[in-house]
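Q: Quick one: the structure is below, and I'll ask about it shortly.
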Amino acid sequence: MRLKARHHGLYQAFAVDPRNLVNNRHHLPDSALVLAYFLAGDDLYIFTIAKKRAQAHAFKVPLEGVDVGALVAKYREAIDKQNPRYKRLGRQLHKLLIAPVAHELAGVKTLLVMPTGPLYFLPFHALESKASGATRYLIEDHRVAYLLSTTIDELERPVRHGKRIRLAAFANPDGSLPGAKAEVMRLKRDAYPDATVFFGATADKARVLKEASRHHVLHFATHGVLDPDPLRSHLKMARGTLTVDDIAGIEFARDTTLIVLSACKTAVAVGKQMGEGISIAEAFATAGVPTLVASLWNVPDAATSELMSRFYTHLRAGKGDTLSALRAAQVELMRLDVGGRHPYSHPKFWAGFELIGDYR
């Protein structure tokens, strides 16, 4: 109530009321914990919500002059340039965002993160803690998924994933991404030989609109382009674009379960955010797709191809849910040994993708 009284505008911008999540907590697995973040002036509030609690636990973290947005921006820049200072910045963010609730993480298998403002740009799963000289990423101890206001209700619905997956992939529509075509060909070869694939001129908007009603999974290996007008942010397709406005109006099949956006910056929006921004990924969620895999930055071609191949291989094996498949692929890529070297160990290569929505 103090938040509501003193920061009413920000309170209203907080897209999901923690009380509503508490009321629907029985849909959460026993081993899941929701972490909902809220920035208000000089303080950060963290709400933790679990299935067996009658109310949310609230934690107030004084920021003591720390500009969280600037800190996130510096962290992302250090990752992009592979500057070693990303470790120090990541630990600073871990101290602010995870350490205050660390005692609640014992026995928790899945963390469901609801960011706020600049935290939408942050890969929580790549935050590091350092204890007794050992450095570990959050993803090594927990599965981490992200929630938007448009995906909350999906957790109340039965799991839609079936044993047989019909997959359509769209790659290299403008001819500038030969690596994207190779990525999709590898996907088809290693995981889904019956996938329907469209390259070059055949990967256009009309084909997407047609195939959306026929497949469980759609994979886009193309350019993601952000615009100051969020409704004009888009995926590049052959002979045109697929804008946020277009995407939100697509009629997907009732059993469409997953969109994979193997493109740049599809999970973020342009500029500063107080509440939720309008991203390309959110447009698909608005259209009714329960699960999105999207990117936080410009993802390198070779690492993305390797990650996606492993992700779909795990998904095809069916030994876990979608989040388990993505986490396994990311951890494998991080630890991949090539002749004694670990070429993809840096977060730039494996941490750029996140799962948004129904992780099951």
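Q: Output the peptides 257-266, 63-72, 336-345 sorted from most to least packed, where packing is the average of other Cβ atoms within 10 Å over each peptide's residues. Walk me through the numbers before you get to the answer.
A: Values: 257-266: 25.0, 63-72: 13.8, 336-345: 11.5.
Going by the mean number of other Cβ atoms within 10 Å, highest first, we get 257-266, 63-72, 336-345.
Q: Could you tell me the distance between the Cα centroids of region 318-360 and region 244-258, to the nearest Å?
A: Here the two parts' Cα centres lie 26 Å apart.
Q: So which of Lys188/Lys265; Lys95/Lys265; Lys95/Lys236 end up more than 29 Å apart by C-alpha?
A: Values: Lys188/Lys265 24 Å; Lys95/Lys265 26 Å; Lys95/Lys236 39 Å.
With Cα atoms farther than 29 Å apart: Lys95/Lys236.
Q: With +1 on each Lys and Arg Cβ and -1 on each Asp and Glu Cβ, and nothing else charged, work out how big the dipole of the chain is about its Cα centre, in Debye to the nearest 20.
A: Computed about the Cα centre, the dipole is about 700 debye.
Q: Moving on. Identify the residues of region 223-261 with backbone N under 20 Å of a label point that sits 7 angstrom from the Cα of Ala182 along the Cα-to-Cβ direction, or state none.
A: Only 223-224 fall inside the zone, counting backbone N under 20 Å.
Q: Using R₀ = 22 Å, calculate the FRET efficiency as 1/(1 + (r/R₀)^6) where r is the Cβ-Cβ separation of Arg164 and His27; round to 0.05.
A: After rounding, the FRET efficiency stands at 0.25.
Q: Of all alpha-carbon pairs in region 198-310, indicate the percentage at a distance above 17 angstrom.
A: 52
Q: Report D for region 216-275 in µm² per second (integer): Stokes-Einstein, Kirkwood Rh on Cα pairs, 10 °C, 1.306 mPa s.
A: Result for D is 127 µm²/s.
Q: Here's something else I'd like to know. If you put +1 on each Lys and Arg Cβ and -1 on each Asp and Glu Cβ, how big is the dipole of region 97-252 around its Cα centre, in Debye rounded to 20?
A: So the dipole magnitude of region 97-252 works out to roughly 680 debye.
Q: Continuing with the same structure: What size of dipole, in debye to the nearest 20, comes out for region 162-318 about its Cα centre when the only charges are +1 on Lys and Arg C-beta atoms and -1 on Asp and Glu C-beta atoms?
A: About 520 debye.
Q: Taking Cα atoms of region 161-242, Rg/Rh with Kirkwood Rh, to two decimals?
A: Details: Rg = 13.0 Å, Rh = 13.1 Å.
We get a ratio of 0.99 for region 161-242.
Q: Just rank Phe220, Phe349, fewest to most, by other beta-carbon atoms within 10 angstrom.
A: Phe349, Phe220
Q: Now a separate question. Please give the contour-minus-distance gain from Arg53 to Glu77: 0.36 nm per residue of separation, less the Cα-Cα distance, rounded to one decimal in nm.
A: 4.8 nm
Q: How long is the gain from Ala70 to Arg316 if the chain were fully straight, where each residue apart is worth 0.36 nm and the alpha carbon distance is subtracted?
A: Computed gain between Ala70 and Arg316 is 84.6 nm.
Q: How much length would be gained if the chain were fully extended between Asp42 and Lys109, taking 0.36 nm per residue of separation minus their Cα-Cα distance, in nm to one decimal? Let's see the in-between values first.
A: Numbers: separation 67, 0.36 × 67 = 24.12 nm, distance 3.12 nm.
This chain segment gains 21.0 nm when fully extended.
Q: Inverting the mean 1/r over all pairs of different Cα atoms, compute the Kirkwood radius of the chain and quote it in Å. Mind showing how you got there, number by number?
A: On the way: mean 1/r = 0.0483 Å⁻¹.
20.7 Å is the Kirkwood radius here.
Q: Cα-based Rg (one decimal) and Dmax (whole number) for region 127-265, in Å?
A: For region 127-265, the Cα radius of gyration and maximum Cα-Cα distance read 17.4, 56 Å.
Read-outs: derived from the displayed coordinates by stated rules, not from any lab. The shown structure was predicted, so the numbers you read here are calculated from the model rather than taken from an experiment. Cβ atoms come from the backbone with ideal geometry, glycine included; neighbour counts cover every protein chain shown.
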